[in-house]
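What follows is a short report on a single structure.
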Amino acid sequence: MSERRAARAAAAHVHRAPSRSTRRRRPLLVALVATLASLVGVALVVAVVASVFVGGLARSFDAGRSTITDPFPSGARPTPTVGENILLIGSDSRAQGSPDGGPAVAGGRSDTLMLAHVPADRQHVYLMSIMRDSWVEVPGHGRAKMNAAYAWGGVPLTVQTVEHLLDVRVDHVAEIDFTGFEDMTDALGGVTVSSPQAFSTGHHDFAAGKNHLDGSDALAFVRERHAFADADHTRVRNQQAFMRGVVNGLLSRGTVTNPGRIQDFVAATSEHLSVDAGFSFARMAEFGWSLRAVRADDLVTFTVPTAGAGTSPDGQSIVTLNQLAVGSLSQALRSDDVAGWLADNPQ
């Protein structure tokens, strides 16, 4: 071999052999590209799974829930407030008669009535109970117990009565039958509540302090009032405790990391739920996203101020309202300052 041919062969050999630095860089480059490709693949899979899951929830919700026909009263209504107000009605389909013994228009009664006020800053949710025996003005019927509005005129008259009482507009309505409380509880794997006192009802015994309830327990817990000296006052506090327990259960790690449990809860709730047409799954999802920073401790519960028990002109046992405090609460709702009102009116 000539010297020139030998030099060419040596040069070719050197060209084909990667340098030490090149040997280091190529595997890193390949690894980087592979990692990026894997990440993109995972993101696509997650997006698809999330889309299918949320779509399944939407279909499950829409298939189960009912839409309330004409839930809002006709005629003049209060102007919308800065925050949003959602009326929650817990109805008891066992009761078929009206409060005065006549036939019921709605075929039941509202045993639980709560107004959820969500302020514009979305930092809290204020859940206020309106006692069912509150003596109020029912438009078109004169003064009567609050739950008479539901028996006489269903959801529209109940909304109108609440709007008349508080002078604020109800933006959405959600009605759930009491049996839904049972199914919701079981879907969450039980709900933990705090009872202010020990009591028994039927076959259910509750201790003072924390109690973990299954669905049957929960139904007994929110319904009972005869076991208490102050009757509906403790009953309302127990209903508020149950709602806090549901929120705690929904926000717990055991629920948010368990798609099956979320699916079961949505299905169980929607089966017993009726909402206004505007409160669709998409609207609820949007609403829920706006509240993503809210935690269980940010749910604040209280009762519309009362002034003690009384007797109506026709001899009914009633709960009178503190009109001065209700007036200031109305102003706080309109100005989106319920926090300030609670500071001045601790419960």
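The values are calculated or read from the model by the stated rules, or taken from the named source; none is laboratory data. Since the structure is predicted, the reported quantities are computational estimates derived from the model, not experimental observations. In this analysis, Cβ positions are derived from the backbone assuming ideal geometry, glycine residues included, and neighbour counts consider all displayed protein chains.
In a residue-by-residue description of the range 310-319, the property of being within 15 Å of ASN85 (Cα to Cα) and touching a residue at least 12 places away in the same chain (Cβ under 8 Å) applies to no position. Number of residues in the range 148-200 that are assigned to a loop (DSSP other than H, G, I, E, B), under 23 Å from ARG65 (Cα atoms) and in contact with a helix residue (DSSP H, G or I) (Cβ under 9 Å, 6 or more places away or on another chain) equals 4. Note on the range 333-347: residues that are at pLDDT below 95 and buried (at least 16 other Cβ atoms within 10 Å of the Cβ) total 0. Scanning the range 280-300 for residues that are surrounded by 15 or more Cβ atoms within 10 Å (Cβ to Cβ) and of a type in the set (Phe, Trp, Tyr) yields PHE281, PHE287. Consider the range 320-332 and keep the residues that are in contact (Cβ under 8 Å) with a residue 60 or more places away in the chain and of a type in the set (A, V, I, L, M, F, W, C). The one that is surrounded by the most Cβ atoms within 10 Å (Cβ to Cβ) is LEU329. Taken over the range 185-226, the criterion of being basic (Lys, Arg) and surrounded by 13 or more Cβ atoms within 10 Å (Cβ to Cβ) is satisfied by ARG223, ARG225. Considering only the range 197-216, I want to know if a residue exists there that is touching a Leu at 6+ places or on another chain (Cβ under 8 Å) and not small (Gly, Ala, Ser). Checked the range 197-216: no residue is touching a Leu at 6+ places or on another chain (Cβ under 8 Å) and not small (Gly, Ala, Ser).
Only residues that are surrounded by fewer than 23 Cβ atoms within 10 Å (Cβ to Cβ), modelled with pLDDT under 95 and over 16 Å from VAL275 (Cβ atoms) were counted in the range 150-184, giving 6. Within the set GLY189, GLY142, the sole residue that is assigned by TED's automatic domain parsing to the domain that holds GLY75 and under 25 Å from PHE281 (Cα atoms) turns out to be GLY189. Scan the range 54-107 residue by residue and report those that are within 15 Å of GLY278 (Cα to Cα), assigned to a loop (DSSP other than H, G, I, E, B) and either at pLDDT below 85 or aromatic (Phe, Trp, Tyr) (or both). Scanning the range 54-107 gives ARG65, PHE72.
One residue stands out among those in the range 241-264 that are under 12 Å from the mean Cα position of the chain (by Cα) and among the hydrophobic types (A, V, I, L, M, F, W, C): the one that is nearest to LEU127 (Cα to Cα), which is MET243. Put simply, of ALA231, ALA268 the only residue that is over 29 Å from THR306 (Cβ atoms) and not hydroxyl-bearing (Ser, Thr, Tyr) is ALA268. Number of residues in the range 259-290 that are of a type outside the set (Val, Ile, Thr) and in contact with a helix residue (DSSP H, G or I) (Cβ under 9 Å, 6 or more places away or on another chain): the value is 19. Within the range 221-246, the set of residues being farther than 23 Å from VAL319 by Cα and either free of Cβ contacts under 8 Å to residues at least 60 places away in the same chain or not assigned by TED's automatic domain parsing to the domain that holds LEU299 (or both) comprises ARG244, GLY245. The set of residues from the range 231-269 being among the charged types (D, E, K, R) and within 19 Å of THR179 (Cβ to Cβ) comprises ARG235, ASP264. Taking the criterion of being among the acidic types (Asp, Glu) and crowded, with 21+ Cβ neighbours inside 10 Å, would at least one residue in the range 246-269 satisfy it? For the range 246-269, residues among the acidic types (Asp, Glu) and crowded, with 21+ Cβ neighbours inside 10 Å: absent.
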